[in-house]
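Here, each number is a calculation from the coordinates, and none is a lab measurement. Keep in mind that this is a model prediction, so the values were computed, not measured. Because the Cβ atoms are built from the backbone with ideal geometry, glycine has one as well, and the counts that use them run over all protein chains shown.
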């Protein structure tokens, strides 16, 4: 099967990455526990606008905020196991300035992907199973790919979408994928 896997919030811990960098640079005490909405940076930072936040995120001594994210526990191991019987297809949405950092990040972590798509229109990439955490993407995948299993990686910033499958961790996702294959 083709597995359409998102990066940020699913494989890469974007929240911890931007929070740690923000705290280091500005002497703040933002906690990742406070990241409870999709646009949490709007009310947790001093930036005047979302654009200002993203301009800050784009710069860095050694690349953008996307270049140095940690992976969630179990993500790399699960992707390695899943890649032995399935095609791992990375489908992520990124700003143009983050494309090179994203490819470098994938290579550095040896993500076993056969394809990488950087697009806002994730539903246009055909897969049998999707795993995402974006409220908008989950809804669009469910609407536009009714034949696929759409899995919501449960995070504080998303809510259940009728007709999709909630996933709380990588082990649970592996079990779902392997059961669907039978």
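Just a few scattered comments:
- Among 117, 43, 62, residue whose mean-square fluctuation peaks in a GNM of the chain (springs only between Cα atoms under 10 Å): 62
- Computed over the chain, relative contact order equals 27 percent, with contacts defined as Cα pairs under 8 Å that lie 6+ residues apart.
- Selected from 47, 66, 26 as most flexible by GNM, with the chain as the system and alpha-carbon contacts under 10 Å: 26
- The chain - mean residue ellipticity at 222 nm from DSSP helices (-39,500 (n - 2.57) per run, n ≥ 4, rounded to 500): -10500 deg cm²/dmol
- Distance-filtered residues of region 2-18 - backbone nitrogen under 17 Å, label point 7 angstrom along residue 81 Cα→Cβ: 3, 11
- Residue with peak Gaussian network fluctuation, the chain [Cα springs, cutoff 10 Å], from 86, 68, 46: 46
- Pairs of Cα atoms nearer than 8 Å and 6+ residues apart set the relative contact order; for region 14-68 it is 33 percent.
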